[in-house]
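Encoded as structure tokens, the structure appears first; notes follow it.
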Amino acid sequence: MSNPKKIHVSTTVNGEPCEFLCEPGQVLSNALRNNLDMTGTKEGCSTGDCGACSVMLDGALVCSCLVLAAEAEGRTIETVEGVADGNALHPIQQKLLEHAALQCGICTPGIVVAAKSLLERHPDPSEEEVRYYLAGNLCRCTGYDKIIRAVLDAGTVMRGE
Amino acid sequence: MPLLQYEAPTSLAQARQALAGRSDAKILAGGTDLLVQMRLGLRDPALVVDIKHVPELMEITLGEQGLRLGAAVPGAVVTDHPEIGQLYPGFVEALGLIGSSQIQGRCSAGGNLCNASPAADCVPALIANRATCNIMGPDGERTVAVEAFNTGPASNCLAADEILVSIDLPRPGPRSSDAYLRFIPRTEMDIAVAGAAVALSLDEAGVCIDARVAIGAVAPTALLVPAAADALIGGTLDEDSLNRASAAASEAAAPITDKRGTVEYRKKVVGVLVRRAAGVAKARIEATS
Amino acid sequence: MSINIQTDFKTVGTRPIRPDGPDKVTGRAKYGADLNLSGMLYGHIVRSPHAHAVIKSIDFSAALAMPGVVATMSAEDLPEPGDRILPGAEIEMKLKDISPIIMARGKVLFHSQAVAAVAATSESLAAEAAKRVVVEYEVLPHVLDVHAAMADDAPLVHDDVFTQGIDPAPTRPSNLSADFEMAKGDIEAGFAEADLVIERTYNVPMCHQGYIEPHACVARSDENGKIEIWCCTQGPFMVRNMTAEITGIDLGKIKVTASEIGGGFGGKTTVYVEPVATILACKSGRPVKIVMSRDEVFRASGPVSSAETQVKIGAKKDGTLTAIKTDILMDSGAFSSSPILPATMFAAACYRCDNMHSRGREVLTNKPKAWAYRAPGAPQSIMAVECAVNELAQGLGIDPIDFRLLNAVEEGDVPLFGVPFQSIGLKQSLEAAKNHPNYQAALEQNQGRGVAAAFWINAGLQSSATIHVAEDGSLNVLTGNPDIGGSRASMAMLAAEVLGIPVETVRPSVVDTDSVGYCDTTGGSRTTLATGSAVMKAAGMLREELKHRAAAIWNVDIKEVEWYDGMAVVHSGIGIDELRDELRAGTAGRNPEKVLTMAELAAQAGATGGPLTASASVHAHSAQPSFAVNICDVQVDRDTGKVDILRYTCVQDAGKAVHPAYVEGQMQGGAVQGIGWALNEEYLFNDQGVLENAGFLDYRIPVASDLPMIDTVIVEVPNPLHPFGVRGVGEVPICPPMPAVATAVNRAAGTQLYDLPLSPPKLLAAIEGAGADNEAA
């Protein structure tokens, strides 16, 4: 077997320019975790079914396990590590804590990224809209109740109510 | 053999060049099928050609003639578009049903079509809307009706060096609308067990003057069911015509039994979906007229 | 035994933010797959393509010829298990039933069983190398169905398994690995007394725990043979013990650090990858990381036993139960490991009934080895009994909650498993359910309601804790139980409560196996109870020590010193009650003659005897059972067989709820797992024993849009054996949902479908069948 030649990628992660070398078949979640040591992005399935690896790619919510790392060239990536402002938690993070909306916490980074994306697009979603928007973020611990309440509550904070 | 090469051409000509003579290549649009298949060891391309930097594949043109949708435009871009959903609500719903919010950030109508899953959600909706495919190959461009594009599960009419560039949806006439419904065991995240798209035109009296019915996940490819449309045309979508359309769809269905459903169940449910989708399309026309 | 149970709390019962929360919402928390070490190799496991075969040879030469492939392993690298019994395990486990899960020895007994492994310098290289390991098999006939497996001519999964529980012991090996009964009263006389008898068979499918984080670990060895393992597990001490047993490495040379854990539900109470990484690390001299793929998790890690349960149950017209008979048949997969014992013992534990009989049978098949899932065994058999109770109540025209109230066990009753109940909260939970507005909500056409009650035993077992007081009087609380759902918060709260200090001044940590005393696994609903008891005991010891230090400072007799609200106080000649009144009223002021705070005592620790620390351990025998009652309302689409959950209500006797929000979370999470198991989750094998739905796409766990809010009512009947009244809470929530959902669906659809999951095709067929029956009648 000839080793695949690595690809040089220049991209922007959480507002900062960054470069890495990846294998042609390597997916973005893997590159974030293993090349950039940003392990906040989790991998639960690697087939786009669980949402734990959710990141924003040029403003679109995606599963980073279904993006080739090489595709990140010239693009903008936002991960869970970039959600808080320094030591100030984002309202969605704060509300997840206040509502005890995480148990094991493995799905939480994906929920944070996806819920933020929802509330930025639809500042005042209904419970049903939150549930459908987050349908791709599997949580096996909570039964979703407290997560949905936390997201709705974060919405009120973000709207300044 | 693992993936050895990744190319991201920025023009159709470059894309064609990259693909020329490479039977071991795969086109990457949103990757929501291809990368899963690679992960599960079902596909092993040596070269992946990312066509998202080719402008024609990423453009949306909405005009007098209708919609030209670049083959790789992500679902979320279409569902967020202010006008497309008004013209083709059923198609936009169908596209929006593919996977999660995350998948919507990447998946595309063209990819859904090229992947050629019998259960692809947006294919019946495209067929019901008389959509056509614009294909670029070494000998220039050709056009194929969506219902003729797929030739079986995981196979389509594209030659190895051809690219699906865009999909045309003709502008619907007055008092027209469409609807797509699918059945899945959960509310989200499943592959369709059966799907049905219905596009209708009604006259002022509410009589159906044109109809297209297409069904998915119940045959090797999505099927246009003229007999179901015929049952609707000329009537007022009354109980009798809905029954006949439903029966025609069940009759046309030629499904398999697999982990997602049985032959019997799929035949039955696809009829239920045709009836319900016709009702939704009709209600949409009535709501906007 | 009776103890005084505290009822007035300062911290217990509040809802502070969990101490590990910020790390988890920001992505900083490190889970199993999040550790990378320099020079690290990646391991990849080669798995069997057959359900049953002899391994004739394994050839690594092509893999080893690849540049970057560093080490390989197979069962050859592990000691022969012989007849060794695992020391210190909670239930008797034979090494020969565990070692072959790590690496098959001689034969493979299920598809995807581990056969060999490779370690290479990158993940992709390791995966490619694994493909080049050539394994030669001689395929054997396999058996997948439990009934087929019991046939005389069935292929034998093991030729050295003889049915346990039969007298005289059989002389021929069999796939029926256990067959036992327990009984009280006269079952036939009980049925003779009944006015109505219901007899039916119920099927619960094989499923998976479905934790989102795949098994992952990094192992490394050093020049002295010391092994360090980082992994996601419910029990780092269990990993140490099992890895030692399986690899033959001295336990004392192994240190295990539990990462944060991304769900377990019983599925991470054993090892799959840790011994493999350990051997590869020893052979290569480099750190080795193994992360299971989701596909591997489904195919090769602990699925959950299916069960076929026959129930016969009878009652008098007035609703008095006269006889309950259950016969449970469980699929254990390729090794004896099913929860048939609890399934058999606890099936009808909610009911007072003089005549009971329960039979349990465990069958071996060529499927993955079954493993624990939340309240192991109970959901399967309780599903059957509760559905039958609902049908019985309906047949007698009695409200299902009233029927249960009439027959519910209470203090003093003796269940089939023989241990009399102490103070329990089943009746209180039933009353709370009956009074819940959701129980009165009107139902429309095609809607139905189901009620179910359930029991779970809860575990105690062994735990240790260490507390260090920092110079400012704040605390470090160290335990060895991975925090799977907020247990750091409850450990901090219990310590804070005992010492009367603010919970924010307590820093709980989960530490490695070198840094705290032995702790049994996080599981069995035991952490808050047992590990919490160790924390409380250590905190109590510390409180006594602090009083001694204060007495020394004040130069008074220890009897003169009281601990109140986080401070040492001296009586100073007045009575303690009077002093407390003064302190409550604030009139005692801050007279240092009278009061020394934690911080002041900590600051003077050097002068009064050195650093303040305390360690304690327990073997907790204080566990007491939990009961739960669920109410489920559904709507059925009669044209498609689709079920929507309209309302869902969980009532549970939690004993004292230490952190009520996390108790509610356990109730809600367990309910939704049960809903998933009832409606959609099942293992689908093809006729070759290959799992056809080894991913979250087709192994359909509930998603957010499938569900309504899950309403909760916490009933607090204190555990009489715990100073705060704490019971376990984690497991019983998964016991009532299946029968609640199944009953609701059958009521809504007019069917009697008890073959779970109630998937749309099955339900539609049942609806049409029921319609045809009605027309015929």
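Since every read-out is calculated from the coordinates, none of them should be taken as a lab result. Quick caveat: nothing in here was measured; it's all calculated off a predicted structure. Quick reminder, even Gly has a Cβ in these numbers, built from the backbone with ideal geometry, and neighbours come from all protein chains shown.
Here the relative contact order of segment A:7-82, from alpha carbon pairs under 8 Å that lie six or more residues apart, stands at 40 percent. Among B:I256, C:I261, sorting on how many other beta-carbon atoms sit within 10 Å of each Cβ, with the fewest leading, yields B:I256, C:I261. Going by the alpha-carbon gyration tensor, a ≥ b ≥ c the square roots of its eigenvalues, is chain A rounded (a/c under 1.5) or, if a/c is not under 1.5, prolate (a/b greater than b/c) versus oblate? Cα axes put chain A in the prolate bin. For C:F191, C:F9, C:F696, the sequence from fewest to most other C-beta atoms within 10 Å is C:F9, C:F191, C:F696. Look at the alpha carbon pairs under 8 Å that are at least 6 residues apart: their mean separation over the length of segment B:55-170 gives a relative contact order of 29 percent.
Computed from backbone phi with θ = phi - 60° and the Karplus coefficients 6.51, -1.76 and 1.60, the 3J(HN,Hα) list for segment B:241-253 is 5, 5, 4, 5, 5, 4, 5, 5, 5, 4, 5, 6, 5 Hz; x is used for glycine and proline.
As a rough footprinting exposure proxy, the listed residues C:I340, C:I553 were ranked by other beta carbons within 10 Å of their own, and the order from fewest upward is C:I553, C:I340. The residue among C:G676, C:A189, A:G15 whose Cα reaches farthest toward the positive pole of the charge dipole of the protein assembly as shown, with charges on the beta-carbon of Lys, Arg, Asp and Glu, is A:G15. For a straight C-alpha distance cut-off of 20 angstrom, the lysines reachable from B:K26 (same-chain residues fewer than eight places away being disregarded) are A:K5, A:K6, B:K52.
Overall shape: prolate for segment B:176-288, with the ratio a/c of the largest to smallest alpha carbon gyration tensor axis at 1.5 or above and a/b above b/c.
Bridging of C:K559 to lysines at a Cα separation below 28 Å is possible for C:K10, C:K537, C:K547, C:K594, once same-chain residues fewer than 8 apart are set aside. Take the alpha carbon atoms of segment C:371-435, find their center, do the same for segment C:719-751, and report the distance between the two centers in whole angstrom. The distance from the Cα centre of segment C:371-435 to that of segment C:719-751 comes to 9 Å. Taking amide H atoms as placed 1.01 Å from N in the peptide plane, the amide H of B:A145 lies under 5 Å from those of B:C133, each 5 or more residues away in sequence or on another chain.
In a reduced charge model with +1 at each Lys and Arg Cβ and -1 at each Asp and Glu Cβ, chain C shows a dipole moment near 1320 debye about its Cα centre. Averaged over the residues of peptide B:33-42, the number of Cβ atoms from other protein chains lying within 10 Å of each residue's Cβ is 5.
Only Cα pairs under 8 Å and 6+ residues apart enter the sum, and on that basis the relative contact order of chain B stands at 15 percent. When shorter helices are ignored and each DSSP H run of at least 4 residues is given -39500 (n - 2.57), the per-residue value for chain B at 222 nm works out to -10000 deg cm²/dmol. For the residues of A:46-59, the average number of beta carbons from a partner chain within 10 Å of their own beta carbon is 6. The packing ranking of peptides C:483-494, C:440-451, C:394-405, highest mean first, is C:483-494, C:394-405, C:440-451, where packing means the average number of other beta carbon atoms within 10 angstrom of each residue. What lysines does C:K369 reach when the alpha-carbon gap must be under 16 Å and sequence neighbours fewer than 8 apart in one chain are set aside? Answer for C:K369, where 16 Å is the Cα cut-off: C:K94, C:K96, C:K107, C:K268, listed by chain and number. Taking amide H positions as modeled 1.01 Å from N, with prolines and chain starts lacking one, the residues under 5 Å from C:A323 and 5 or more places away or on another chain are C:G314.
The amide H of B:R186, built 1.01 Å from its N in the peptide plane, has no neighbour under 5 Å, considering only residues 5 or more places off or on other chains. The alpha carbon centroids of segment A:122-153 and segment C:600-667 are separated by 22 Å. Of all DSSP beta bridges confined to chain B, the antiparallel ones make up roughly 85%.
The mean number of Cβ atoms from other chains found within 10 Å of a Cβ in peptide A:24-34 is 4, as a whole number. Coupling constants for segment C:439-454 follow from the phi torsions by the Karplus curve (6.51 cos²θ - 1.76 cosθ + 1.60, θ = phi - 60°), and in residue order they are 6, 9, 4, 6, 10, 9, 4, 6, 10, x, 10, x, 10, 8, 10, 7 Hz; glycine and proline get x.
Listed values for segment A:145-161 are Karplus-derived 3J(HN,Hα) couplings in whole Hz (6.51 cos²θ - 1.76 cosθ + 1.60, θ = phi - 60°), namely 3, 6, 5, 4, 4, 5, 5, 4, 5, 4, x, 5, 5, 5, 7, x, 7, and x replaces Gly and Pro. Rounded is the label for segment A:79-161. Its Cα gyration tensor axes, ordered a ≥ b ≥ c, give a/c under 1.5. When segment B:208-254 is described by a simple charge dipole with +1 on each Lys and Arg Cβ and -1 on each Asp and Glu Cβ, the residue from B:A248, B:L237, B:I209 located farthest towards its positive end is B:A248.
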